[in-house]
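K.L.:
Attaching a single structure in structure tokens format; questions to follow.
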Amino acid sequence: MPALREELDEWLRIPSVSTGGGDAAALAAACGWVCERIEAAGGNAEAVTVDGGHPMAVGDLRAARPDAPTVLAYGHYDVQAPGPLELWDSPPFEPTERDGRLYARGAADDKGNFLPLLHVACELARAGELPVNVRFLVEGEEEVSSGSVLKRLRSGEDEADCAIVFDSLMADESTPAINLAARGMVAAAIEVRTARRDLHSGLYGGAVLNAAHVLLGMLSAVAPDAEGRVRSELSAGVAPVPDAERASWARLPDGAQGIADVGGIEVAPGAGAEYWERTGAATAVDVNMVEVGEPRTIVPATARGFVSVRLAPGQRAEPIAAEVERLLREAAPAGAEVSIDLDTSEPALFDAGDPAIQLAAEAMERACGVAPALIRLGGTLPLLSVLADRGMTAIVSGFALPDDAFHAPNESYRLESLRLGEAAARELYASLAELPR
């Protein structure tokens, strides 16, 4: 894969940081780099902006036959800031190979992960052998909420028979994965005020409202029980897990060991054995932040908190958000001034029996020599819910691993993962040519 590696090195040298306001010139260069490759392969491409956001590369490569299905290939060229340079063993924007890994910011997230989809399609198009039409959508805002691409996708402008998203992880070093779902989210930022100023606890303690007590009571009203189970009002609507998915979980790494490996503690005995269900198919509530008081004898007048509800597939954000607000407000005593700011994202779920998923699973097995595990993302990817709402099945995969340290110093990507990505892209395009239209 010398040509692919050469292209990746070139793309990684562009410091396309979108966080902290972004580097406009570098973002434009990284977007233009994608467009140039599509055009050089005989396609059409342009840099598109939405409401003044960072540009996204939008382009098309046409199949060798006129009746071929169309695949939407999504990725992102923007990267996180490198952080303290002294923590890097080599410059973050000078790709460096060590021990079978390529070190650079963006090597795994998402340039190295996505690039095989672009490289293989361009190679096949130049040879007149591309079996599917490919519409590329490569954004520059994934690290800062994907606002532009979500607006574009909701418009319905990019029609396709299915989508491929290479922005995820393998199940383990040798087992590829197809992610069938992602959880949604209801996030609540809470502010409480109980007095004009902090009060002396010796003079007023026990006689006045304490903002810390109010906030903790409110959070207790939505928090899970001692076993991590979420109250029924917040878990309403969770979809059952099909047998085919549940059977695939038996091939995944041990959840209890995974928790131990990161230094975590099971919320209750047996939680690790239910890891894949709890993190992908069930609702979860977490208090993320509490900010109140100081270490002296006062009655705090103000308190702030942040709580998130991960929504399982089958749930909808609006009714759960309303329930979260109701529970929080009902737990606040009369007289307390309470402000609640809600933000929501919908979950997404794709059918394991969908033709695109089945064709993709066969292609991944041919490419990797191992059948892919069918898993669910515990995190939230708004892009997937938009595609699901449009009825467009997404094949969500990728070849990153936890050791790649994406977002951290010394981010890297295995050269073996790059090879697997190239093989998988080739097989995917071939298989998806058989999609019914």
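K.L.:
Once you wrap a convex hull around the alpha carbon atoms of the stretch 297-412, what is its projected area averaged over all directions, in nm²?
P.N.:
12.3 nm²
K.L.:
Less than 19 Å from a label point 7 Å out along the Cα-to-Cβ axis of A239: which backbone N atoms in the stretch 379-415 qualify, by residue?
P.N.:
379-397
K.L.:
For the stretch 63-129, report the convex hull volume of the alpha-carbon atoms normalised per residue, in Å³, without decimals.
P.N.:
So the per-residue hull volume is 102 Å³.
K.L.:
Moving to a separate point now. Given the peptides 314-327, 186-199, arrange them by the average over their residues of other C-beta atoms within 10 Å, most packed first.
P.N.:
Descending packing order for the listed peptides: 186-199, 314-327.
K.L.:
With all protein chains present, calculate the accessible area of K151 using a 1.4 Å probe and round the result to the nearest 10 Å².
P.N.:
110 Å²
K.L.:
Would you kindly find the accessible area of R105, with a 1.4 Å probe and non-protein molecules such as ligands, DNA and RNA excluded, rounding to the nearest 10 Å²?
P.N.:
My reading of the accessible area for R105 is about 0 Å².
K.L.:
Moving on to the next point. If you consider only alpha-carbon coordinates, what radius of gyration and Dmax does the stretch 198-357 have, in Å?
P.N.:
For the stretch 198-357, the Cα-based Rg and Dmax read 19.8, 71 Å.
K.L.:
Compute the distance from the alpha-carbon center of the stretch 72-144 to that of the stretch 254-304, in whole Å.
P.N.:
With the stretch 72-144 and the stretch 254-304 each reduced to a Cα centre, they are spaced 33 Å.
K.L.:
How far apart, in nm, are two points set 7 Å out from the Cα along the Cα-to-Cβ line at R98 and at V370?
P.N.:
About 2.6 nm separates the two model spin labels.
K.L.:
Then there is this: Gain in length, E434 to R62, computed as 0.36 nm per residue apart minus the alpha-carbon separation, to one decimal in nm?
P.N.:
Roughly 132.3 nm would be gained on extension.
K.L.:
Counting only the backbone N, which residues of the stretch 23-45 are under 13 Å from the spot 7 Å out from the Cα of S90 toward its beta-carbon?
P.N.:
Label zone hits: none.
K.L.:
If I model a spin label at A260 and D343 as a point 7 Å from the Cα along the Cα→Cβ vector, what separation in nanometres do I get?
P.N.:
Reported label-point gap for A260 and D343 is 3.6 nm.
K.L.:
Okay, next question. Ignoring ligands, DNA and RNA, please state the percent of accessible area on the chain from carbon and sulfur, probe 1.4 Å.
P.N.:
50 percent
K.L.:
Counting only C-alpha contacts under 8 Å and six or more residues apart, can you give the relative contact order of the chain as a whole percent?
P.N.:
24 percent
K.L.:
Oh, and also: What share of the DSSP beta bridges in the chain is antiparallel, in percent to the nearest 5?
P.N.:
Roughly 70 percent of the beta bridges in the chain run antiparallel, per DSSP.
K.L.:
If you count only protein heavy atoms and use a 1.4 Å probe, how large is the accessible surface of E94, to the nearest 10 Å²?
P.N.:
Roughly 80 Å² of E94 is accessible to a 1.4 Å probe.
K.L.:
Given the Cα-Cα distance of S201 and A29 and 0.36 nm per residue of separation, how much length would full extension add, in nm?
P.N.:
Numbers: separation 172, 0.36 × 172 = 61.92 nm, distance 5.90 nm.
Between S201 and A29, full extension yields an extra 56.0 nm.
K.L.:
Continuing with this model, one more query. Leaving ligands, DNA and RNA out of it, rank Y275, Y429 by accessible area with a 1.4 Å probe, largest first.
P.N.:
The residues order as Y275, Y429, largest area first.
K.L.:
Return the FRET efficiency for the residue pair E159, R316: r is the Cβ-Cβ distance, R0 is 30 Å, and the value is rounded to the nearest 0.05.
P.N.:
Here the calculated transfer efficiency is 0.75.
K.L.:
Identify the residues of the stretch 175-191 with backbone N under 11 Å of a label point that sits 7 angstrom from the Cα of D354 along the Cα-to-Cβ direction, or state none.
P.N.:
From the stretch 175-191, the list is 179-182.
K.L.:
Separation between the R390 and N44 pseudo-spin-labels, each 7 Å from Cα along Cα→Cβ, expressed in nm?
P.N.:
In this crude label model, R390 to N44 measures out at 1.8 nm.
K.L.:
Now a separate question. Along the three principal axes, how long is the stretch 245-294 when you take its alpha carbons, biggest first, rounded to the nearest angstrom?
P.N.:
Principal extents (largest minus smallest coordinate, Cα): 50, 22, 16 Å.
The values are calculated or read from the model by the stated rules, or taken from the named source; none is laboratory data. Remember, predicted model here, so these are calculated numbers, not experimental data. Positions of Cβ are backbone-derived with ideal geometry, glycine not excepted, and every protein chain shown enters the neighbour counts. Areas reflect the complete protein model, heavy atoms only, side chains present, ligands, DNA and RNA absent. Shrake-Rupley method; radii C 1.70, N 1.55, O 1.52, S 1.80 Å.
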